[in-house]
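Let me begin by presenting the structure, written as structure tokens, before commenting on it.
The values are calculated or read from the model by the stated rules, or taken from the named source; none is laboratory data. Everything numeric here is computed off the predicted structure, so don't read it as measured data. Reconstructed Cβ throughout: ideal geometry from the backbone, glycine too, with neighbour counts over all protein chains shown.
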Amino acid sequence: MKKNTWVNLGFQVGALVLALLITTLILVAAGAPPLKAYLSILSGAFGSTRNVVAVLITWSPLLLTTAGVLITFAAGLWNIGMEGQMTLGAIFATGMLRLFEHAALPPALIIILGILAGILGGAIWAALAGALKTFGGVNEIFGGLGLNFVATALTIYLVFGPWKRPGVGSMSGTQPFDQALWLPTLPGTELSIWSLVISVLVIALVYLLLRGTHFGLRLKAVGKNSKAAFLMGVPTWQYSMFAFLLCGAFAGLAGGIQVMGIYHRLLPNISNGYGFLGLLVAMLINYQALWAAPIAFLFAALNTGSVQLQIIYKLDSSFAGVLQDLLVLLVLLGEGARQRFIKKN
Amino acid sequence: MRKNVMTFALLAMALVMVLSACGPTPTPVTQAPATPPPATQPPATQPPAPTATQPPAPAATAAPFVFGMLLVGPHNDQGWSQATYDGGQYVEQKIAGSKMLYLENVYSGSPAYPGQTASQLAAQLVSQGAKLVFFNSDDMKDEALKFAQANPNIYVVGVSDDWTWKDGKNYTVSANQFDVMGRMEYMKMVAGCAAALTTQTGKIGFLGPLINDETRRLAASAFLGAKYCWTNVLKKDAANLTFTVTWIGFWFNIPGVTSDPSQVADNFYNTGYDVVISGIDTTEALVQAEKAKQAGKAVWALAYDYKSNCGVAPDICLGVPYFNWGPAYLSIVKTAVDGSWTQGFQWNAPDWTNINNPDTSAVGFNKGNGLSADNSTKLDAFIAELAGGLNLWKGPLNLQDKSVYLADGAAATDLQIWYLPQLLEGMQGDSVAK
Amino acid sequence: MNVELKDIYKTFGAVRANVAINLTIPAGTIQGILGENGAGKSTLMKILSGFFRADKGQILLEGQPVIIQSPADAIKHGIGMLHQDPLDFPPMRVIDDFILGRKGNLPMGQAEAVQDFKKLAEQFSFSLDPETYVDSLTVGERQQLEILRLIWLGARVLIFDEPTTGISAAQKEKLFAALRLLASQGKAVLFVSHKLEDVEGLCSSVAVLRQGVLVGEAKPPYVTKQLVEMMFGKAISVGARNPCGVEKEIVSLSKLSVEDYRLKVRDVSLTVHCGEVIGLAGMEGSGQGLFLRAVGGMTRTVGGKILIDGRDLTGRSYQTFKAHDVAFLPAARLEEGLVPGLNLTEHFILAEEPKGFFINWEKGRLLAQRRISEFNVRGTPANTVESLSGGNQQRALLALLREQLDLLLLEHPTRGLDIESTIYIWSKLKLRCKQGMSIFFVSSDLEEILQYSDRVMVFFSGKVTPPIEAATLTTEKLGELIGGKGWPTKPGEQVSESTSGKGA
């Protein structure tokens, strides 16, 4: 047992070191002094209050999508459709705000309604993927991808069509909401304490759910062996469906926060790739909810901090993405190597 | 098990500490007004500048003046973004010790910066020492204003915006902001004229970006130029001239989101349109024209934005109406450096003595190899007419829905042109998004 | 050396591990100590070797009572024990381990010890290199080293606790040869095992323990059945018929028809009483599996009725059947029965009706612990199921069944298991039958069908016999039916016919 822990750690650290090494080579090839480049990422992420705030802004939705991935993965499902679920959350939240924008309701109530609508939108979209899987036999990966495209198409239709800015036809987005309906943020920033608190609560909830509840245990049983779970009396498809719903709700919440807290309008690509990024985080932490918060934070910091590399060394803006993909790839490879190693011994 | 709980608790604690340490705590401003406070200062604690005429503190002249630029596309896109980037380089050359930083591909929902808005990215430039930030696109219009208001100690230039135009519809007091635009309308007229002189089929296509005030007035200008040269130079019947605008939805192609400009251009060339005027940031109209020409079609295109844009496909290029941002940027940055900054707005005209003078003309027109010598002469004559005071924005002009835009003999005001509500009668295509 | 145990008692809390045990082991014999796990064998041996003190009773060596207070005491008296799981093997050389534990005696040089070691090893034809490291040895080699060490220390009574676990067949042969040699040298050898085969092949006498009590002794030639009865007790004598004593109908099938894309099983009518075991025989894929799953609500029926405990559950889901105290244990244990990746505690929690929202892990662990020892599962609550052996997985599956069950459906309940596990599992099953549970089971083992069924139904490509009293069947007759011979040709005679292809 103890020996295994060290072996595991060894492989993980090895993968990280290798990722760092390759990144360093890339930096050298791009003509950036590696050490200074890493320092500039750090300062870009933590060098000022404003930068840390930017990291936290990215962290919040990433936590939500990671939480969603953890739930669906526990149920043995690859919810690739989180981008679409997030988009639908954004659409529903926007719709709700537009509906009540001129109503004589207290703004706080409208904001809450908007958030709830976002949750509902994401859940509905996930339920569609779940229904396709459960009743239509469509693999959730294909279903999710398809629904992602539909969600994008729907956004574009709304942005250029019924919800366009008066006199404008641009993918820059819909008419911004009245400022009273923006998610309250820390003065002068786009950081909503609410969104941060909710995200942290959600990831804590997921940790507890998977760690200490009958629901979580049964979900895991369904994920690892649905036939056995069925024979043990777990209503398997209902659990799969519920996992989809929960994941969709988290993604929808993230989408709602994107429109209400960050952009204050609906625009194409509102999901910003957070769904896929969440999948990467979940893979990197080997689906252990405990590590979601720090690793998502690391990703958020990388994303924010690496902007400095562009400014200083004129590196391509895809650098942070490459680094993240590399990290996940190597950790997965390391995991494979570890399992081979353990089998041999 | 217990170990895990402990680890979690420790992490949670660490997190709480990070959060509490980094939360923006209001710290009193102690800096002397002569030195701009560092960018990390929480903006909320800064009182907004009391009046529009009171500029932020001038930057210390001894240190190199750093300015930043947010580009909507790549800095080498041979179009809009490269033109503004060149403007920045012009400033670097003219002001000793000045230095430009930039970030590219900055637009709403850009996958390059997940979750980061233009104002956050501007802050990243500021953290590298930028004292002035150019927001180079209409897409960042709201962000520019938001950033300017949140960072009164940083100068903001809104390229193509109208926040600081006193007569404009959106005038806002924002002491540290300056908006600038070139009068591209003239050069679009020239482009329209070149198209009308060249077309064999009488069908001109306009490859439009998104629909807004700016793009409507530019498309309309191209139409006015085309109509004038068609009827007055070629003496042909206006009824035989077709001028169609097709919008793609954004300044450039975003796969899966906008219409594909290559397809739109192909569509023009395949349906009898033999000249396409590009209104987008990138070069698809030229590239597709070159392909169509190689397939045996007699087609031409007009480029846009960047002075050397014809280089993409010189033989079919009739010319390029382009922005020359250098002089305007230089004058604005200078006021920031020497402390004479005021909130302001410029809509800069060409230098009619030489529209291609890099030091004086805000917009220009470079002729392409595709333009015949005869047409070149006619075009020069048209440019001379414009320089001499020819005004095509003059009544009688109706809007697309046949409502009167300008009564007979009435000349359009700047306001009427800037905020053109629809395309003009005689143009085909959407005035507003469907 | 003659060993005598007199009236030994030992209790651990409420558990009576040894009760009034009297046993004599003459020098020069191999005494087998047989019993299922937890029968008290290890406790008795640990008393003899000084790990435990008996609550009461005497140990006599060569007729003289001795008091053994520690393992060191025991070795001083010439008693050495080889443990089931040799606890710790430090990274030391074989020869150092060999010398270790020799104290108080003459200081001796290593060269001398090596010489002794080589001599002893040769005597037992063990090929052990004294210079290699202990942690590089196999379990069998470690045993050999331990034997040599104990002999060298002067042991004249040697206790072997489950020594055949985890060693190869060749090593087992070598071990048995060594044990016989030890006996021939006049030493007393105690061989503790739960494996009938090993005991029968080796021991000159066998003592059987059950629940702490020495229930009997036997001498060769051994009768396996007798040993099994002693081990598990007469009360659960395997094959007892209709033991629940009440005439209660658990299952009633009337004209049940079921089909898949390949097979049609038609019009099966059957009434099963509580405690009855129905064996379903047939070549793999003859319809018995389909039928079994239909009775559990896992395959849709196309006609007829299923009544469980008097309630019509025709066409209802497995979940409904389960709610009516029907359970199904699949043949593919890891594929369908258990959840790889989850541990035993998690399985026990899953199998129980969830109470509340949060899991009470402590309670779950205790439940797991209780059931694990109750069902003799070799494993801890924290073991994942895939780390268990096949027999232990099957025991775990049984242990997972809820306490209240009317009907248990089994697919190949003992496939791939050794005879001990098979006997154990059936003893547990029969115990539950006695409490009123009925069983349907599919098996391709004719002996198993005949031995454990009350009635047998034979399937042949969808055709099915009416239930036949197992007592009237022989292996030959059953074999013929399974092979399609001896089926009546006219419908409605001895065997109900099910049509394949045509309607009924």
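Structure above, values below:
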quantity	calculated
Residue in segment C:287-299 that is among the β-branched types (Val, Ile, Thr) and free of Cβ contacts under 8 Å to residues at least 24 places away in the same chain present	no
Residue that is surrounded by the fewest Cβ atoms within 10 Å (Cβ to Cβ), among those in segment C:337-365 that are of a type in the set (Phe, Trp, Tyr) and farther than 18 Å from A:Ser226 by Cα	C:Phe357
Hits in segment B:186-204 (condition: surrounded by 24 or more Cβ atoms within 10 Å (Cβ to Cβ) and either over 20 Å from B:Lys367 (Cβ atoms) or of a type in the set (D, E, K, R) (or both))	B:Lys188
Segment C:434-445 residues that are over 18 Å from C:Val251 (Cβ atoms), paired with ones that are among the acidic types (Asp, Glu) (beta carbon under 7 Å, 6 or more apart)	C:Ser444/C:Glu284
Members of segment B:358-380 found to be among the hydrophobic types (A, V, I, L, M, F, W, C) and surrounded by fewer than 13 Cβ atoms within 10 Å (Cβ to Cβ), listed by number	B:Ala373
Filter result (touching a residue at least 24 places away in the same chain (Cβ under 8 Å) and facing another protein chain (nearest Cβ under 7 Å)) within segment A:216-231	A:Lys220, A:Lys224
Helices (runs of 4 or more DSSP H) contained entirely in segment C:288-353, each with at least 3 residues that are more than 13 Å from chain A (Cβ to nearest Cβ)	C:288-295
Flag for B:Glu214 being more than 23 Å from the chain's Cα centre (by Cα) and acidic (Asp, Glu)	no
Yes/no for A:Ala293 being facing chain B (nearest Cβ under 10 Å), modelled with pLDDT of 90 or more, closer than 16 Å to B:Thr117 by Cα and surrounded by 23 or more Cβ atoms within 10 Å (Cβ to Cβ)	no
Matching residues, segment C:89-117, being under 11 Å from C:Tyr133 (Cα atoms) and either hydrophobic (A, V, I, L, M, F, W, C) or modelled with pLDDT of 65 or more (or both)	C:Phe89, C:Pro91, C:Met92, C:Arg93, C:Val94, C:Ile95, C:Asp96, C:Asp97
Some residue of segment B:391-403 being over 21 Å from B:Trp230 (Cα atoms), more than 14 Å from chain A (Cβ to nearest Cβ) and not acidic (Asp, Glu)	yes
Residue ranges of helices (runs of 4 or more DSSP H) in segment C:124-234 with at least 3 members at pLDDT 90 or above and crowded, with 19+ Cβ neighbours inside 10 Å	C:169-184
Hits in segment B:164-187 (condition: more than 14 Å from chain A (Cβ to nearest Cβ) and either touching a Cys at 6+ places or on another chain (Cβ under 6 Å) or part of a loop (DSSP other than H, G, I, E, B) (or both))	B:Thr164, B:Trp165, B:Lys166, B:Asp167, B:Gly168, B:Tyr171, B:Val173, B:Ser174, B:Ala175, B:Asn176, B:Arg183
Within segment A:1-81, helices (runs of 4 or more DSSP H) holding 3 or more residues that are within 14 Å of chain B (Cβ to nearest Cβ) and over 25 Å from B:Ala112 (Cβ atoms)	A:2-29
A:Phe92 being modelled with pLDDT under 95 and either part of a helix (DSSP H, G or I) or surrounded by fewer than 18 Cβ atoms within 10 Å (Cβ to Cβ) (or both)	no
Condition met for B:Gly158 (part of a loop (DSSP other than H, G, I, E, B), under 19 Å from the mean Cα position of the chain (by Cα) and of a type in the set (Gly, Ala, Ser))	no
The listed residue being touching a helix residue (DSSP H, G or I) at 6+ places or on another chain (Cβ under 7 Å) and either buried (at least 24 other Cβ atoms within 10 Å of the Cβ) or closer than 27 Å to A:Thr58 by Cα (or both), out of B:Leu145, B:Leu101	B:Leu101
Residue count for segment A:271-292, restricted to those that are assigned to a loop (DSSP other than H, G, I, E, B) and either within 12 Å of the chain's Cα centre (by Cα) or among the charged types (D, E, K, R) (or both)	3
Residue count for segment B:241-260, restricted to those that are under 22 Å from B:Gly202 (Cα atoms) and more than 10 Å from chain A (Cβ to nearest Cβ)	6
Residue ID - farthest from A:Ser60 (Cα to Cα), chosen from residues in segment B:116-130 that are assigned to a helix (DSSP H, G or I) and more than 7 Å from every other protein chain (Cβ to nearest Cβ)	B:Val126
Single residue of segment A:6-26 satisfying the filter (in contact (Cβ under 8 Å) with a residue 40 or more places away in the chain and under 18 Å from A:Phe319 (Cα atoms)) that is surrounded by the most Cβ atoms within 10 Å (Cβ to Cβ)	A:Ala19
Search result, residues across segment C:269-295 that are in contact with a helix residue (DSSP H, G or I) (Cβ under 7 Å, 6 or more places away or on another chain) and crowded, with 22+ Cβ neighbours inside 10 Å	C:Gly275, C:Val277, C:Gly279, C:Leu280, C:Ala281, C:Gly282
Subset of segment B:331-345 (residues that are buried (at least 19 other Cβ atoms within 10 Å of the Cβ) and touching a helix residue (DSSP H, G or I) at 6+ places or on another chain (Cβ under 8 Å))	B:Val333, B:Trp341
Residue in segment A:187-208 that is without any contact (Cβ under 8 Å) to a residue 40 or more places away in the chain, within 9 Å of chain B (Cβ to nearest Cβ) and within 26 Å of B:Asn212 (Cβ to Cβ) present	no
Lone qualifier among C:Gly391, C:Gly436, C:Gly379 - being away from chain A (no Cβ under 11 Å) and closer than 29 Å to C:Gly285 by Cβ	C:Gly391
Some residue of segment A:247-269 being under 14 Å from the mean Cα position of the chain (by Cα), in the same structural domain as A:Ile112 (by TED's automatic domain parsing), more than 30 Å from A:Phe215 (Cβ to Cβ) and not in a helix (DSSP H, G or I)	yes
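Residues checked against (1) closer than 30 Å to A:Ala292 by Cα; (2) in the same structural domain as A:Ile295 (by TED's automatic domain parsing); (3) surrounded by 24 or more Cβ atoms within 10 Å (Cβ to Cβ):
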{"site": "A:Ile111", "(1), (2), (3)": "yes, yes, yes"}
{"site": "A:Gly136", "(1), (2), (3)": "no, yes, no"}
{"site": "A:Leu154", "(1), (2), (3)": "no, yes, no"}
{"site": "A:Val159", "(1), (2), (3)": "no, yes, yes"}
{"site": "A:Pro162", "(1), (2), (3)": "no, yes, no"}
{"site": "A:Gly167", "(1), (2), (3)": "no, yes, no"}
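Matching residues to (1) within 13 Å of another protein chain (Cβ to nearest Cβ); (2) surrounded by fewer than 20 Cβ atoms within 10 Å (Cβ to Cβ):
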site	(1), (2)
A:Asn269	yes, no
A:Ala282	no, no
A:Tyr287	yes, yes
A:Thr304	yes, no
A:Gln324	yes, no
